[in-house]
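A short worksheet on the structure shown next.
The values are calculated or read from the model by the stated rules, or taken from the named source; none is laboratory data. Predicted model, so just to flag it, every value in this text is computed and none were measured. Glycine gets a Cβ as well: all are built from the backbone with ideal geometry, and neighbour counts include every protein chain shown. We work out accessible area using only protein heavy atoms, side chains counted, and drop any ligands, DNA or RNA first. Shrake-Rupley method; radii C 1.70, N 1.55, O 1.52, S 1.80 Å.
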Amino acid sequence: MSFGQGGPAWGPGDNGGTPDWAALADEAAARGRKKRWLLIGGGALATAAVVAIVATAIVSTGDSKDGADGKSASELPSAQTLPSGTAEPQPSFSSVAPPPPANPHDFISSAKKDKAPLSADTLFPGKTLKMGDRTYTKGPTARTTDCAAATRGSLGSALTSNGCDQVIRATYVRDGVAVTIGVATFETEAKALRAKQQAGIGLSPLAGEGVPGFCDGGHAVCRNLANSHGRYAYFSISGYTNGKSVTKDDKSAFAAGDDLAEFTFRQIVARGEAQAQAAATAPPN
């Protein structure tokens, strides 16, 4: 006989007193298999439920409200309208071009602009002059506003007719050769150029202070030069202190005259450069 569902099964021929152990074992195995299927089925359902929840959360994110300002994601500004970072200060440049630098030649071409001090000491500074490997000793200097008084011959009239303001002279000596260099100033460059072109012989030599007379109107031949730069015309006379004449092949006398003319030219150019530099660095009015 058997009890109801869930009760032990009793085997036959046992007068109802001995359980049917084989049937009980089969029944227990069946219940185990059923339990395992239930667990597997429940796990699968739980996994499906989690996936559904995550998917729902992902989909819902697109429609959720932003916690900060209550706007949905679709209402946020596009990338083009998002504010950019704070702009760094940018340098500013003037649209007005700076004036060109002053031309040094302008300052030595007109008495109106050429205002730097001018004297024998500024034109011919120091006690000696070195040009290359040659050293000259400076002798006497002189300045006069009577331009013709510093000349002889036709040079005086050329200076006077063109409005000469002054003549500054200096004499240098080396190895028995003496050179007097004279610088005449004019109001404009054109007047100085004209005086140079009209100049003849010549500049009066300047002796004294240990320099004996030379080229003093005797029979000795001396070398004369004339040139101009800006509003300055400059002249020189070179000769021997012993009265010897200068010849065409006389390297000493020619070199001395050329050296003094070159040095004077450089001094005039330097005046223009110094005044142009001063104008460039001067504070604006």
inquiry  = Step by step: first the residues of region 174-220, then only those that are of a type in the set (Lys, Arg) and touching a Lys or Arg at 6+ places or on another chain (Cβ under 8 Å), then the one that is farthest from Pro140 (Cα to Cα). Which residue is that?
reply    = Lys191
key: Scope region 191-210; condition at pLDDT 95 or above and touching a helix residue (DSSP H, G or I) at 6+ places or on another chain (Cβ under 7 Å); matching residues   = Ala195, Leu203, Ser204
request  = Scan region 146-155 for residues that are within 23 Å of Val246 (Cβ to Cβ) and either modelled with pLDDT under 95 or of a type in the set (A, V, I, L, M) (or both) and jot them down.
outcome  = Ala150, Arg152, Gly153, Ser154, Leu155
key: The listed residue being modelled with pLDDT of 95 or more and in contact with a Pro (Cβ under 7 Å, 6 or more places away or on another chain), out of Thr185, Thr137, Thr171   = Thr171
request  = Taking only region 179-224 into account, find how many residues are more than 25 Å from Lys112 (Cβ to Cβ), in contact with a Cys (Cβ under 8 Å, 6 or more places away or on another chain) and of a type in the set (A, V, I, L, M, F, W, C).
outcome  = 3
inquiry  = Given the options Leu159, Leu118, Leu129, name the one that is of a type in the set (A, V, I, L, M), crowded, with 16+ Cβ neighbours inside 10 Å and part of a strand (DSSP E or B).
reply    = Leu129
message = For the structure I just gave you, tell me whether Arg169 is open to solvent by 60 Å² or more (accessible area, probe 1.4 Å), among the basic types (Lys, Arg) and not in a loop (DSSP other than H, G, I, E, B).
response = no
query = out of contact with any helix residue (DSSP H, G or I) (no Cβ under 7 Å at 6 or more places or on another chain) and either touching a residue at least 40 places away in the same chain (Cβ under 8 Å) or open to solvent by 30 Å² or more (accessible area, probe 1.4 Å) (or both), is that true of Thr145?
reply = yes
